[in-house]
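Below is one structure; the comments refer to it alone.
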Amino acid sequence: MLESTYSTHYHAACDRMDYLVKSLTERPSRAIQLAVDAGGEDAVQALFDALMDYGYRQVLVQSLNSPKLPQWVRERLETFLFGNRRPLAALLVKTLH
């Protein structure tokens, strides 16, 4: 059941990619909440994967700016985009000479 839920939402996201990109650009928290309501964590992951597969990483990065994004979605998206480490400004990473 888990795989079919993910697969269903992944293919649905691919089929309406233009709409998803526009929705995420205009109201990211609403677009993601619709995925949560439709299929929970599996649908959210399928949405992220489909957007990344179609080359819309920047849309996902910009979605992090939404203050209404649920915390668990924010954490999952940050991990998806950046791995287990949060991105740091270059000045915080490199030592100045």
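A few points about this structure:
- Checklist (1) within 16 Å of residue 11 (Cα to Cα); (2) in contact with a helix residue (DSSP H, G or I) (Cβ under 6 Å, 6 or more places away or on another chain); (3) not basic (Lys, Arg) applied to residue 41, failing item: (2)
- Qualifying residues in segment 1-42 (those that are of a type outside the set (A, V, I, L, M, F, W, C), touching a residue at least 40 places away in the same chain (Cβ under 8 Å) and closer than 22 Å to residue 68 by Cα) - the one surrounded by the fewest Cβ atoms within 10 Å (Cβ to Cβ): 29
- Qualifying residue in segment 70-90 (condition: over 23 Å from residue 7 (Cβ atoms), loosely packed, with under 11 Cβ neighbours inside 10 Å, modelled with pLDDT of 90 or more and not small (Gly, Ala, Ser)): yes
- Of all residue pairs spaced 6 or more apart or on separate chains, those with beta-carbon atoms under 8 Å, a first member in segment 71-92 that is within 14 Å of residue 60 (Cβ to Cβ) and a second member that is modelled with pLDDT under 80 and not in a helix (DSSP H, G or I) are 78/86.
The values are calculated or read from the model by the stated rules, or taken from the named source; none is laboratory data. Just so it is clear, the model here is predicted, and its values are computed rather than measured. Cβ atoms come from the backbone with ideal geometry, glycine included; neighbour counts cover every protein chain shown.
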